[in-house]
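Engineer: Submitted below is the structure of interest, expressed as structure tokens.
Every read-out reported here was derived from the displayed coordinates using simple, explicitly stated rules and does not represent laboratory data. Note that the structure is a prediction, hence the values are computed from the model and not measured. Cβ coordinates were reconstructed from backbone atoms using ideal geometry, including for glycine residues, and neighbour counts include every protein chain displayed.
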Amino acid sequence: MASSSNVSIDESDGDTTYNSIVPEENGLDAINGAVDKFGFIGSKNPNYCTDLPVEILRQRELKWLEMLENWDLFMTKKYKKVRERCRKGIPPALRARAWQYLCGAKFYMDNYKHKFTELDSSAGDPRCVDDIQKDLHRQFPSHEIFVKSQGHGQADLFRILKAYSLFNPTVGYCQAQAPIAAALLMHMPAEQAFWCLVAICEKYLPGYYSPGLEAIQIDGEILFGLLKKASPTIYKHLKKQRVEPILYMTEWFMCAFSRTLPWSTVLRVWDMFLCEGIKVLFKVALVILKTVFARAETLKNCPSMYETLECLRHIPSEYLQEDYLIFQVLKLNINEHDMEKEHQKQIAKRRALREQQIMQESLNGTSKKSGKFHKT
């Protein structure tokens, strides 16, 4: 049976990057505000991203077209070139196609040609369907494809979330899947977005949306361990204030930063994330923590857990702008070996704790059996 996981994701305005707009029934005509190049309406955030000169953009498009036409060759023999070009940013005109190749959605579509149609035409689990419908209006309500209640954007979002709940009934629907699915729909049709969502949930963030959320808890501890290496001062501050990673990184990781960063930065992060995997999310999180608490004055002004978390909930936009954040991510001195070492350390700690709990339960059981009313 499909499950429906309710994760504590702040949906108060449905959009942390752009001002939320509640439209009238007649849709776009009722809204005063220009549409930016990403499709967001009435954005008041400063535009830090710089458009590439057309000549350079065309050159990059040609290079990407060559890669896409020879994808298997590049991924097996020239992966470093693919990674380098993803880090520079995928040309907007080719981003949807590139994402599908990077995450493996193209493989799914080629090998399961009628699966989405089958899932789309099936009735979903009533509980999942009800939860999905409640969340539709919260996903980027200031974006032109989601601005209309019951418009095609919300309809497609419902279709792919329902389809995934049927595709993996053990996981079912989790609230944090919705912004990821919505972000994909901004770039591609429903079927392609569905298979990208499958890839992200199954390959990139496995276990994140399962009941119990053990995977996100483990990654929170890994992040905290990496922070100790990257910035011992900030690590000590968060530990002293008892600010557990799960309190601030849940939405970051489960939504792949789609509800945290300016949109131009989200796209650049996803270009790298879909190429290099979850290590990109760890690096982005570490850069944010290091940047927010870089000044001694900031730490001094955060004497308790409340002030510390408020700093992480209201991050100055200049800290998150595309060029700055991507530059900091690329120069961060944390590598795959560090991450794997910390991962193994946290897995070992969990295993030891579980064994200790089992032993304690066994001892408790033995103690009960040897009580004065137990027959020997």
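Engineer: Between the DSSP loop rule and a limit of at most 14 other Cβ atoms within 10 Å, which trypsin sites (Lys or Arg not before Pro) in region 261-303 are left?
Structural biologist: Taking region 261-303 and a limit of 14 other Cβ atoms within 10 Å, the loop trypsin sites (Lys or Arg not before Pro) found are Arg295.
Engineer: Okay, moving on. With unit charges on the beta carbons (Lys and Arg positive, Asp and Glu negative) and the dipole taken about the Cα centre of region 150-237, which residue among Gln177, Ser210, Gly220 sits farthest to the positive side?
Structural biologist: Comparing the listed Cα positions along the dipole, Gly220 ranks first.
Engineer: Which of these values of semi-axes √(5λ) of the Cα gyration tensor in Å was calculated from the structure shown: (1) 33, 26, 20; (2) 35, 27, 23; (3) 43, 23, 19?
Structural biologist: Working out semi-axes √(5λ) of the Cα gyration tensor in Å from the coordinates points to (2).
Engineer: List Tyr173, Tyr101 from most exposed to least, where exposure is judged by having the fewest other Cβ atoms within 10 Å.
Structural biologist: The order, fewest Cβ neighbours first, is Tyr101, Tyr173.
Engineer: A further question on this structure: Pull up all non-local amide H partners of Cys174: gap of 5 or more, or a different chain, and H-to-H distance under 5 Å with H placed in the peptide plane.
Structural biologist: Under 5 Å from the amide H of Cys174 lie the amide H atoms of Ser5, each far enough along the sequence or on another chain.
Engineer: Could you list the trypsin sites (Lys or Arg not before Pro) in region 184-255 that lie in coil according to DSSP, counting only those with at most 15 other Cβ atoms within 10 Å of their Cβ?
Structural biologist: Within region 184-255, the qualifying trypsin sites (Lys or Arg not before Pro) (loop, at most 15 other Cβ atoms within 10 Å) are Arg242.
Engineer: Rounded, prolate or oblate for region 224-311? Axes are the square roots of the Cα gyration tensor eigenvalues, ordered a ≥ b ≥ c, and the cut-off for rounded is a/c under 1.5.
Structural biologist: prolate
Engineer: Answer with one residue from Pro316, Thr298, Phe327: the one whose Cα lies farthest towards the positive end of the charge dipole of region 288-327, charges on Cβ with Lys, Arg +1 and Asp, Glu -1.
Structural biologist: Among Pro316, Thr298, Phe327, the one farthest towards the positive end of the dipole of region 288-327 is Thr298.
Engineer: Can you bin region 256-376 into rounded, prolate or oblate? Criterion: square roots of the alpha carbon gyration tensor eigenvalues sorted a ≥ b ≥ c, rounded for a/c under 1.5, prolate for a/b above b/c, oblate for the rest.
Structural biologist: Note, shape of region 256-376 comes out prolate.
Engineer: Based on alpha-carbon centroids, what's the gap between region 71-92 and region 239-289 in Å, whole number please?
Structural biologist: 22
Engineer: Moving to a separate point now. Arrange the following residues from fewest to most other Cβ atoms within 10 Å of their Cβ: His343, His187, His152, His337.
Structural biologist: Ordered from fewest to most neighbouring Cβ atoms within 10 Å, His343, His187, His152, His337 come out as His337, His152, His343, His187.
Engineer: Cα-based Rg (one decimal) and Dmax (whole number) for region 312-366, in Å?
Structural biologist: Calculated on Cα positions, Rg and Dmax stand at 20.4, 61 Å.
Engineer: Further, regarding this structure: Among the helices of the chain (complete DSSP H runs), which have Cα atoms covering no less than 15 Å along the helix axis and a Kyte-Doolittle mean of at least 1.6?
Structural biologist: Sorted by number, the helices that extend far enough and score high enough are 279-292.
Engineer: Using helices alone, what [θ] at 222 nm do you get for the chain, with -39,500 (n - 2.57) per DSSP H run of 4 or more residues, divided over all residues and rounded to the nearest 500?
Structural biologist: Estimated from H runs of four or more residues: -18000 deg cm²/dmol.
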